[in-house]
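This report refers to the structure that appears directly beneath it.
The values are calculated or read from the model by the stated rules, or taken from the named source; none is laboratory data. What you are looking at is a predicted structure, and each value in this text was computed from that prediction instead of being measured. Don't worry about glycine lacking a Cβ; one is built from the backbone with ideal geometry, like all the others, and counts go over all protein chains shown. For accessibility, only protein heavy atoms count, side chains too; no ligands or nucleic acids. Shrake-Rupley method; radii C 1.70, N 1.55, O 1.52, S 1.80 Å.
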Amino acid sequence: MSAEYATFALAPAVRAGGFLADGGFEVHRDFMDFVVDGHPLLHLLSGLDAVSPLASDVPPAILTRQVRGLLLETAAPLPGGRHVLYGCPECEELGCGAVTAVIEQEGNDVVWRDFAWQTDATVDLELNGYHGTGPFRFRADEYRAALERLLDGATTRARRRVLLIGARAAALARLAAALRTIGIGADIAHDTAAVPAEELRAYGAVVFGGSVARSERAAVRAAFTGSGVDVACVDALADVVPLVVAQVEQALDRRPAGHRRLTGLTADSRTASVTVASVCRVRLVAHRLDRLHRTRTHEVFDGTLEPGTHRIPLDAEAAKGRSFLVARAAGGVLVAAVTS
């Protein structure tokens with residue numbers, strides 16, 4: 001094994017939730033990702049849809065147990081000294097599959113090795129190993145300091161609540177219910193005039209319905225600024241719940257560009273241009289409003305893309321009229337209006 005050291009850090013990451021073209025949904029999860037040599041480890045795992053055990057929505061006692069395990073202060077949860085690094089975003093069952101690795105202490109170093117995809121207590125490294133990933137040797141003091149900051153509460157937790165502003169109560173109620181379904185808290189208000197500053201600080205984004213005047217939007221933004229909150233503002237593109245949910249997910253993702261797989265999306269009536277930073281599965285869904293303002297949804301693309309920018313043809317039925325495109329990849333979502 002090479003004696004060369006890798007750097008170790010933690011960084012906020014997100015598994016964007018949302019509604020799928022088939023009527024299903026995916027749950028929103030905020031978690032801390034492992035950053036090795038400046039790059040999210042999850043990006044090395046071929047577009048895997050998974051989260052680390054260091055999730056912001058787990059009870060403190062469970063988070064502490066997970067951190068103590070990674071610090072090797074408790075026994076490994078799987079045979080052979082193996083630890084779960086990434087698991088199913090929807091549940092904690094090993095049967096759904098998990099990325100595991102052996103974590104061990106070697107003198108003043110901590111080593112992660114033998115990465116594998118695992119679905120039961122045993123693992124076949126020849127068949128299911130992530131060949132070419134690792135081993136990684138970390139300086140123990142750097143490794144411990146990064147994980148212990150979680151125990152000290154020094155890592156900022158995500159603000160996973162959204163404030164919905166508008167006059168159309170029924171439409172906002174549908175949106176709030178959808179956001180809560182995927183794990184994002186949502187409250188409805190006409191304005192922020194009577195909302196205390198400490199309550200405003202709990203929100204990560206504010207969504208404006210189409211009926212909110214420009215002056216009212218400015219007043220809401222000023223209220224957040226006066227409360228010391230850097231809040232993401234979302235102007236709903238249309239009264240289409242899955243579309244606005246995707247806008248909210250995009251707004252809540254405050255990670256730097258270098259920690260994202262999906263980095264660009266534009267579309268015209270003929271093609272979509274999608275840019276990805278690493279190999280990943282990308283799904284494109286078009287939402288359009290017909291002449292009677294009914295929503296039409298079309299799945300445009302579902303496949304694996306290599307790093308770079310890709311032009312994907314759009315079906316005329318999916319892109320005509322007033323239409324919008326939602327792109328999803330592991331950990332992120334982007335929304336674009338289709339231009340003529």
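What the table below lists for this structure:
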quantity	calculated
Alpha-carbon gyration tensor eigenvalues x 5, square-rooted, for region 193-333, Å	31, 21, 10
Region 247-271 and region 1-80: distance between their alpha carbon centers, rounded to Å	21
Taking all pairs of distinct alpha-carbon atoms in region 262-303, Kirkwood radius in angstrom	11.9
Rg over Rh [alpha-carbon atoms, Kirkwood Rh] for the chain	1.00
Order of exposure, largest accessible area first, which applies to D235, D141 with probe 1.4 Å	D141, D235
Loop trypsin sites (Lys or Arg not before Pro), region 294-338 (other Cβ atoms within 10 Å of the site Cβ: 16 or fewer; DSSP)	R294, K320
Rounded D (µm²/s) - region 86-204, Kirkwood Rh over Cα pairs, Stokes-Einstein at 20 °C, 1.002 mPa s	115
Descending Cα extents along the principal axes, region 169-250, whole Å	31, 26, 22
Cα-centre dipole for the chain with unit charges at Cβ (Lys and Arg positive, Asp and Glu negative), debye to 20	1360
The chain - percent relative contact order, Cα under 8 Å, separation 6 or more	15
Distance histogram in 5 Å bins (all Cα pairs of region 8-157, percent per bin)	2, 9, 18, 24, 22, 15, 7, 3, 1, 0, 0
Leading residue at positive end of dipole, region 128-252 (Cβ point charges), from V195, L163, L237	L237
Region 49-137: equivalent-ellipsoid semi-axes (sqrt of 5 x gyration tensor eigenvalues, Cα, Å)	20, 18, 11
Per residue value of the accessible surface for the chain (all protein chains in place, 1.4 Å probe), Å²	47
Rh by Kirkwood over Cα pairs, then Stokes-Einstein D for region 26-89 at 1.306 mPa s and 10 °C, µm²/s	124
Protection proxy ranking, peptides 239-251, 165-177, average beta carbon neighbours within 10 Å, highest first	239-251, 165-177
Reciprocal mean inverse distance between Cα atoms of region 257-339 - Kirkwood radius, Å	12.7
Heavy-atom accessible surface of the chain: percent carbon and sulfur, 1.4 Å	51
Other-chain or far-sequence residues with amide H under 5 Å of C280's (modelled H)	L305
Cysteines (scope the chain) whose Cβ has no counterpart Cys Cβ under 4.7 Å	C91, C233, C280
Y5 accessible area, assembled protein chains, probe 1.4 Å, Å²	80
